[in-house]
1. Got a sec? Which of 48, 23, 15 is in contact with a Leu (Cβ under 7 Å, 6 or more places away or on another chain) and either within 26 Å of residue 119 (Cβ to Cβ) or not acidic (Asp, Glu) (or both)?
2. Looking at region 116-203, what strands (runs of 3 or more DSSP E) fall wholly within it and have at least 1 residues that are at pLDDT 95 or above and surrounded by fewer than 20 Cβ atoms within 10 Å (Cβ to Cβ)?
3. On the given criteria, is residue 107 modelled with pLDDT of 95 or more, more than 23 Å from residue 148 (Cα to Cα) and out of contact with any His (no Cβ under 9 Å at 6 or more places or on another chain)?
4. Going through region 69-115 one residue at a time, which ones are small (Gly, Ala, Ser), in contact (Cβ under 8 Å) with a residue 12 or more places away in the chain and closer than 30 Å to residue 43 by Cα?
5. Are there any pairs with C-beta distances below 8 angstrom linking a residue in region 139-159 that is in contact (Cβ under 8 Å) with a residue 24 or more places away in the chain to a residue that is hydroxyl-bearing (Ser, Thr, Tyr) and part of a helix (DSSP H, G or I), with the two at least 6 apart or on different chains, and if so which?
6. List, please: which pairs have Cβ atoms under 8 Å, are six or more places apart or on different chains, and start with a residue in region 1-28 that is buried (at least 22 other Cβ atoms within 10 Å of the Cβ) and modelled with pLDDT of 95 or more and end with one that is among the aromatic types (Phe, Trp, Tyr) and not in a loop (DSSP other than H, G, I, E, B)?
7. Considering every residue within region 69-84, establish whether at least one is under 21 Å from residue 195 (Cα atoms), under 13 Å from the mean Cα position of the chain (by Cα), crowded, with 18+ Cβ neighbours inside 10 Å and aliphatic (A, V, I, L, M).
8. Residues that are out of contact with any strand residue (DSSP E or B) (no Cβ under 7 Å at 6 or more places or on another chain), closer than 30 Å to residue 28 by Cβ and of a type in the set (Lys, Arg): does region 101-117 have at least one?
Amino acid sequence: MSIFLIRHGETALNAARVMQPAATPLSPLGLRQASAVARRLARLGPAAIVSSALPRALRTAEAIGAATGLPVATSALLQERNFGDLRGLPYDTLGFDPLAMDAAPAGGESAAAFARRVGDAFEMLVALRATLPGPLVVVTHGLLIRAILDTQVRLEAGVDRPARIANASLTIVAAQPPHAVALLDCTTHLGGGAHETAHSLSGG
């Protein structure tokens, strides 16, 4: 019983290291990445797809839906942490790391509120997977996947959580406790120049 966690494909703002407004779309590279991960997942026999409704995630999920013949459901629980008024600003000019801040940015979401939402999201995913005859594909965002790895699952001894989650990567988690990680941040499907831009921002 597996849950497949997919980070969305790259966006132009990921590559430019800008905190992303909600409506940010995939870049041409991100679209190629979405197609590549969709081809890989089509071979793995998923039973359902659920996605963040933010366009960068939803477009990635739609590519997977086209490759698998599955409809795409959405959940607000799977959206990236809301950075409010910081969205649209260059990450490297802020003078602090907004991805690690505890307080809520103006108009945004605190780390504690985000953590609660991640817990609710994972509980929802486990319950949904229990109703399915096959794996559940979850298309979401870098910080949400990192938070799941930090708080909801078990990594093997000696395996560290990645410092960043790659665009269009695949992480496979057991849907039953202790939710062991079987595959971590894998991008072997991204051949032929589809790997993300160097120093692309992971999260935000």
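1. Step by step, each of 48, 23, 15 is checked, and only 48 is in contact with a Leu (Cβ under 7 Å, 6 or more places away or on another chain) and either within 26 Å of residue 119 (Cβ to Cβ) or not acidic (Asp, Glu) (or both).
2. 170-174, 181-186
3. yes
4. Across region 69-115, the qualifying residues are 73, 75, 76.
5. Filtered contacts from region 139-159: 139/60.
6. Partner pairs satisfying both residue conditions: 19/91.
7. no
8. Within region 101-117, not a single residue is out of contact with any strand residue (DSSP E or B) (no Cβ under 7 Å at 6 or more places or on another chain), closer than 30 Å to residue 28 by Cβ and of a type in the set (Lys, Arg).
The values are calculated or read from the model by the stated rules, or taken from the named source; none is laboratory data. Being a predicted model, the structure only gives us computed values, none of them experimental. Here the Cβ is made from the backbone with ideal geometry for all residues, glycine too, and neighbour counts use every protein chain on show.
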